[in-house]
Amino acid sequence: MSKSPSSLPIEIKISTVVAISAILHSSDPIAIDAALKQMTGGVSDFFEDEFAVIDVGAIAAGATYIDWRALVDLLKKYRLNAVAVRGATADMIDAIKARGLALDDGAGGDRAREDVAAASAAVTIAPAQASAPAPAPQPVQAPAPHTVALPAMIVDTPVRAGQRVYARGCDLIITAAVNNGAEIIADGSIHVYAPMHGRALAGASGNADSRIFGLSLQPELVSIAGVYRTFDDGFPAELARQPAQIRLVGDRIDISSLTSHR
Amino acid sequence: MARIIVVTSGKGGVGKTTSSASFSTGLALRGHKTAVLDFDVGLRNLDLIMGCERRVVYDLVNVVNGEATLNQALIKDKHCDNLFILPASQTRDKDALSEDGIERVLNELVKMDFEFIICDSPAGIEHGALMALTFADEALIVTNPEVSSVRDSDRILGIIQAKSRRAQTGGEPVKEHLLITRYSPKRVENDEMLSYQDVQEILRIPLIGIIPESESVLHASNQGNPAIHFKGTDVAEAYEDVVARFLGEERPLRFTNYEKPGLLQRLFGTK
């Protein structure tokens, strides 16, 4: 089930982090500085050393010169750590790489999530606490105190064999059936309001408090924060096809009924 | 407005070509100008089932490659004046189909005033199947009441939702219809087969018809006549129901209950 900590000096695992999209509509550092100042209202920890992806897609076509060093330093001043650039044109690539930034071609299948993150960071918010920006990079477990969670990703169509739905940085709510051979993944918890087969992976970026809730569970595999359980001999008959939840207790996947109330 | 309908299933041997042949014939018999295209390049079967294999000169690949015109390649059905068959090539492979080429052929068929264009998909989820479903407005998902067929149908539904032109351009989604074939109420009764309710429970798309398992399908294929022509058989009637429902008529589901052979059936017989 769960793997024991390895004794190797390095372990490689896939992990998912949440980053803010900083969508540039101007390449002028002074204008950006002014906008950020207004957005953060002078609160020094408005951004909490979050990762940022600089999206130049909107201005790249104009072939504007961009001073990457100034830009990165500027973001740093507001405690945003630029890690990558999205929407860059071919002639920008060398300059971007020279600054140690990665290129993100935005080929992720999670457009909905990114749009939300991008929107909340791009909106010019009135000073002070109007609304917090996109999520902090989820440092495993401890929920960041100053952030409002991203709204859950909601799916209303059946998730079919071979399809994969990933709710990045948030909960996943599915109102239609999840079929065998489908894979549903969330960094938060998973809720399914229809028969659930297939594979369900909650807490994909390591949140062990994530759970899986379903009205009628019969999954092939469930996983929470990387601890998984398969059901080779079938899902426990006394819990199948009825409301139940799945959570991580210690390093064990626990399945309990939601109807037999304590 | 022409409607392009893909007949697909993921799994092989479930009755796609049989259904394409009978469905297109049924539409034509009701007076609609219909074309049926065999996308199973390399394994062509449709012309056999339609009984026109000896009249094949040019095929879909020739038309896609511009080596023949549509008028040269379309074969008029031997029974219906307004049914035309575009056979697949026997000698090429499925990669010979290009998306641009298919689009051009379909557009040309639309210009020729075809009301219904039926695309008989090959099995699998590779290039040929993708080409058959890319331009579909509607899809007939042919499924046998058996777990692997249902799983493959589920998979192909997901692909239609992701890869069809309508999905890619954010248009209205492809309209999906579930067609259950080779249904045996007796085996359902004995728990040897999934019931149509079970299948629908998993796939969750509207049911357009149930075709009972029958030897008449084999007879029909061997003779090169679509099963819908065999008047009085349950299969022909079931396909007629499918066509009627597709055209918006209400028809009650038939051939879903197993009745132990009783006196009446012994007197009148069902075969």
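The values are calculated or read from the model by the stated rules, or taken from the named source; none is laboratory data. Keep in mind the model is a prediction, meaning the values are calculated, not measured. Backbone-built Cβ (ideal geometry, glycine too); neighbour counts: all protein chains shown.
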Contacts under 7 angstrom Cβ, first residue in segment B:70-82 being surrounded by 15 or more Cβ atoms within 10 Å (Cβ to Cβ), partner of a type in the set (Phe, Trp, Tyr), 6 or more apart: B:ALA73/B:TYR58; B:LEU74/B:PHE84; B:ILE75/B:PHE84; B:ASP77/B:PHE84
Lone unmet requirement of (1) in a loop (DSSP other than H, G, I, E, B); (2) among the charged types (D, E, K, R); (3) under 15 Å from the mean Cα position of the chain (by Cα) for B:GLU240: (1)
Any hit, segment B:249-262, residues being within 30 Å of B:CYS80 (Cβ to Cβ), within 14 Å of chain A (Cβ to nearest Cβ), surrounded by fewer than 18 Cβ atoms within 10 Å (Cβ to Cβ) and not aliphatic (A, V, I, L, M): no
Subset of segment B:193-212 (residues that are crowded, with 18+ Cβ neighbours inside 10 Å, assigned to a helix (DSSP H, G or I) and more than 13 Å from chain A (Cβ to nearest Cβ)): B:TYR196
In segment A:211-229, residue nearest to B:GLN200 (Cα to Cα) [restricted to those that are within 14 Å of chain B (Cβ to nearest Cβ) and not in a strand (DSSP E or B)]: A:GLN218
Number of positions in segment A:230-262 that are free of Cβ contacts under 8 Å to residues at least 60 places away in the same chain, under 19 Å from A:SER189 (Cβ atoms) and in a strand (DSSP E or B): 10
Segment B:124-149, subset within 14 Å of another protein chain (Cβ to nearest Cβ) and among the small types (Gly, Ala, Ser), residue surrounded by the most Cβ atoms within 10 Å (Cβ to Cβ): B:ALA139
Selection count, segment B:43-59, where residues are under 19 Å from B:GLY12 (Cβ atoms), without any contact (Cβ under 8 Å) to a residue 60 or more places away in the chain and not charged (D, E, K, R): 1
Subset of segment B:243-271 [hydrophobic (A, V, I, L, M, F, W, C), at pLDDT 95 or above and outside any loop (DSSP other than H, G, I, E, B)]: B:VAL243, B:ALA244, B:PHE246
Condition met for B:VAL110 (surrounded by fewer than 24 Cβ atoms within 10 Å (Cβ to Cβ), of a type in the set (A, V, I, L, M) and more than 11 Å from chain A (Cβ to nearest Cβ)): yes
Residues of segment A:195-210 satisfying the condition of being more than 16 Å from the chain's Cα centre (by Cα) and either over 14 Å from A:PHE235 (Cα atoms) or part of a loop (DSSP other than H, G, I, E, B) (or both): A:HIS197, A:GLY198
Criterion (over 19 Å from A:LEU258 (Cα atoms) and within 13 Å of chain B (Cβ to nearest Cβ)) met by exactly one of A:GLY169, A:GLY181, A:GLY206: A:GLY181
Flag if B:ALA28 is assigned to a helix (DSSP H, G or I), crowded, with 22+ Cβ neighbours inside 10 Å and touching a helix residue (DSSP H, G or I) at 6+ places or on another chain (Cβ under 9 Å): no
Count - residues of segment A:23-67 that are at pLDDT 80 or above, more than 19 Å from A:ILE96 (Cα to Cα) and of a type in the set (Val, Ile, Thr): 1
Residue that is farthest from the other protein chains (Cβ to nearest Cβ) [pool: residues in segment B:150-175 that are hydroxyl-bearing (Ser, Thr, Tyr) and closer than 15 Å to B:VAL6 by Cβ]: B:SER164
Output for segment A:148-164, where each listed residue is surrounded by fewer than 21 Cβ atoms within 10 Å (Cβ to Cβ), outside any loop (DSSP other than H, G, I, E, B) and away from chain B (no Cβ under 11 Å): A:ILE154, A:VAL155
Top-ranked residue in segment A:184-194 [being more than 23 Å from A:VAL17 (Cβ to Cβ) and away from chain B (no Cβ under 11 Å); ranked as surrounded by the fewest Cβ atoms within 10 Å (Cβ to Cβ)]: A:TYR193
